[in-house]
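Enquirer: Before I ask anything, let me first share the structure, which is written out below as structure tokens.
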Amino acid sequence: MKRSLLLAAFVMLRSLAPAADSSAPYFQILENRNEQPTEQLPLKSSFARVAIDGTIARVRLTQCYGNTGTVPIEALYVFPASTRAAVHGMTLTTGGRVIAARIRESVKARAEYETAKSQRKTAALLEEHRPNVFQMSVANLLPGDDVTVEVEWTETIPAVDATYEYVLPTVVGPRYTGGGSHSAGETWTANPHLTEGVPNPATLGIEVVLNTALPLAEVICPSHPGLVDFKARDRAEIKLALNPGEDAANRDFILRWKLGGDGVDAGLLLHRGENGGHFLLQVEPPQQVKPGQVPPRDYVMVVDVSGSMNGFPLDTAKALLRDLVLGLKPTDTFNVMYFASGSGLFAERPQTATKEHLAEAVRFLEKQPAGGGTELKAALRRALALPGGDDRSRSIILVTDGYVSADHEVREMVRKNIGRANLFAFGIGSSVNRELIESVARAGGGEPAVVTCPSEAAAAARRFLTSISSPVLAKVRIEAEGFQLSQTAPSPCPDVFASRALIINGTWQGEPKGEVIVRGIGGNGEAFEKRIDVAQAAAKGGLEHPALPVLWARERVRLLAGQGPPDSDTIREITDLGLTHSLLTAYTSFVAVDETPRNLAHQAVPVKQPLPLPQGVTAAAVGGSQSSPLVHNGSVPEPGALGLISLLALLFAVQRRR
């Protein structure tokens, strides 16, 4: 009986023990123990050189790997970048030789890397796991070896509330992969992290050169101590300046700046390639908007009154309408539409913003009970066709929880009609369809906002109204004289707002001469015109901005990837874009191989570079705490398992008494 009980206990405990594999539900934690081998720390340093021209950042990240141990290793390092990053170059330097990486289909690149590794050659492989998570693999590092890998990417920089912000992520945070949340094949999620208090041996350096088309008003670095050196009105250099012992690689590097100027201005960047040129045009709002710089405004509030909007969502929509109209001027107009299975309109033409019209509009909306379906596409089509927005800045404010399935059709309709009106999406509900809210707002040149509970509604509505209340240039048109432009995007253009510049890109042919002209409706309804001398822009910024065609390709990839599960045609198009533009994607990877075989006695040992925990994150994020050490493979028993273990302990105690 005793032997049977012990055997049963052993079997149960064995079944409860966590498996030591890469799919464990928590990251591995490397404790600060004297027996930790130095081979577990192959990354010696990272250095990022960032060149920012206007709204484009070009990044060269140099990673130095070394083997200070006693056996050959394969270094594996997971690192982040921005979701907008277009990775388009990699080089491997080893033994004084510089090898340019080749772009390959991911399966072929992995096969080429594995072959080189088995043939005792030094090789590097760069793969995309997520749009902002990459993995570097460096094979066959001999003891004493130093290998340098340089990765190059480009990205556009957005402006929020009139502030530009460049972010360089430095560490991939923990990913919980238990409870069925682990995606098959994503072995990168099992990457080890250093435990708290263990210094990061890999150093990080950052240098930024900032050039803007317009004068700089302010430059700050809120995330890291930085030295800002102003070289000119439109140029600054920023260097990381850390205190002794401080780790720069445990949090995002953030750089913010504002541009000066009293009125709407514009700048132009040009690139000339073998098959034509690409351009980027930036239309910038004034630093501080005065009342006379705002053109007449027209707002159409489109409110979802379907059954799922009952309660605080509909109440919030009514409050939003009151606050919106109270902030309008006598020259502004508004209208209200509700929709569910059908739609209803407050007035056939825009109404002036009077107290009487406001009271009537609120009563109109309050009479609509929540119920029915969500025919969003038909409602937006009707709103876009409303008269009265030709001589002013028209903005459609969509208030909904987004419970519709025709996401792609709605986005396309909004994108094609962007010249008629801007679209701002305000999502309300306990579980909003964020993908719809955010993607529709982006397609309409507007900003999204999401509220999930009543306590957030008032503050979110105030922020939302502030962001949409100050257009500074409406009905924007981009024209050229003596200069040939084509494939401009977005086309048509959204309005320029105080909180957001307008970025336009496309292609050009011929010689860089003539003028690019920005036209629209400016303050108080007056005609606006800004002429840019193309030859002067070319002389100032040069014709070498190779990032422009790459950024176009990256945006195309992002659009294709965001349309849902990819079919064979989508995969093929993304693959072709990656191969044509030398672009890292989910289906294309970079591989570099030094053809000189190394003198290895045996195969290299794979070593995953441990990452520092992000600043403010404790070991609890990966399944443990400072007082309770984690199992070495990173897994811990589930609560149910702990209960069974306790039961087994009790059975053992009873057996011993017997």
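Rule-based calculations on the coordinates, nothing more; no lab input. Source: prediction; values computed, not measured. Virtual Cβ from ideal backbone geometry, glycine too; neighbours counted across all protein chains shown.
Enquirer: List, in order, the whole-Hz ³J(HN,Hα) value for each residue of segment 263-273 obtained from phi through the Karplus relation with A = 6.51, B = -1.76, C = 1.60 and θ = phi - 60°; use x for Gly and Pro.
Expert: Computed from phi, the couplings for segment 263-273 are x, 5, 9, 8, x, 10, 10, 10, 9, 10, x Hz.
Enquirer: Check Arg500: other-chain or 5+ apart residues with amide H under 5 Å from its amide H, H built from backbone geometry?
Expert: Placed amide hydrogens put Ala162 under 5 Å from Arg500.
Enquirer: Could you list which residues have their amide H under 5 Å from that of Ala213, counting only those 5 or more apart in sequence or on another chain, with H placed in the peptide plane?
Expert: Amide H neighbours of Ala213, under 5 Å, 5+ apart: Gly54.
Enquirer: Return a whole-number percent for the relative contact order of segment 295-469, with Cα pairs under 8 Å and 6 or more residues apart as the contact set.
Expert: 24 percent
Enquirer: From the phi of every residue in segment 469-477, what ³J(HN,Hα) in whole Hz does the Karplus formula 6.51 cos²θ - 1.76 cosθ + 1.60 yield, where θ is phi - 60° and glycine or proline is x?
Expert: These are the phi-based 3J(HN,Hα) values: 8, 10, x, 10, 8, 10, 6, 5, 10 Hz.
Enquirer: Quick one: Cα centre-to-centre distance for segment 280-300 and segment 567-592, in angstrom?
Expert: For segment 280-300 versus segment 567-592, the Cα centre distance is 39 Å.
Enquirer: Would you pull out the residues with amide H under 5 Å of Ile99's amide H, same chain only if 5 or more places away, H placed 1.01 Å from N?
Expert: Here the answer is Leu92, Thr93, Thr94, since their amide H atoms fall under 5 Å of that of Ile99.
Enquirer: Mind ordering 263-274, 420-431, 363-374 by average Cβ neighbours within 10 Å, highest first?
Expert: 420-431, 263-274, 363-374
Enquirer: Sticking with this one: If you average the alpha carbon positions of segment 461-527 and of segment 62-138, how far apart do those two centres end up, in angstrom?
Expert: Distance between centres, Cα-based: 41 Å.
Enquirer: Then there's this: Arranged from highest to lowest average of other beta-carbon atoms within 10 Å per residue, in what order do the peptides 120-126, 553-559 appear?
Expert: Output ranking for 120-126, 553-559: 120-126, 553-559.
Enquirer: Measure up Lys258/Lys475; Lys367/Lys475; Lys290/Lys367; Lys231/Lys416; Lys377/Lys475 against 31 Å on the Cα-Cα distance and list the ones that go over.
Expert: Violating the 31 Å Cα-Cα cut-off are Lys367/Lys475; Lys290/Lys367; Lys231/Lys416.
Enquirer: Determine ³J(HN,Hα), in whole Hz, for all residues of segment 569-583 in sequence, where each value follows from phi through the Karplus function 6.51 cos²θ - 1.76 cosθ + 1.60 and θ = phi - 60°; x replaces Gly and Pro.
Expert: Calculated HN-Hα couplings, in order: 5, 5, 4, 5, 5, 4, 4, 5, 4, x, 5, 5, 9, 6, 10 Hz.
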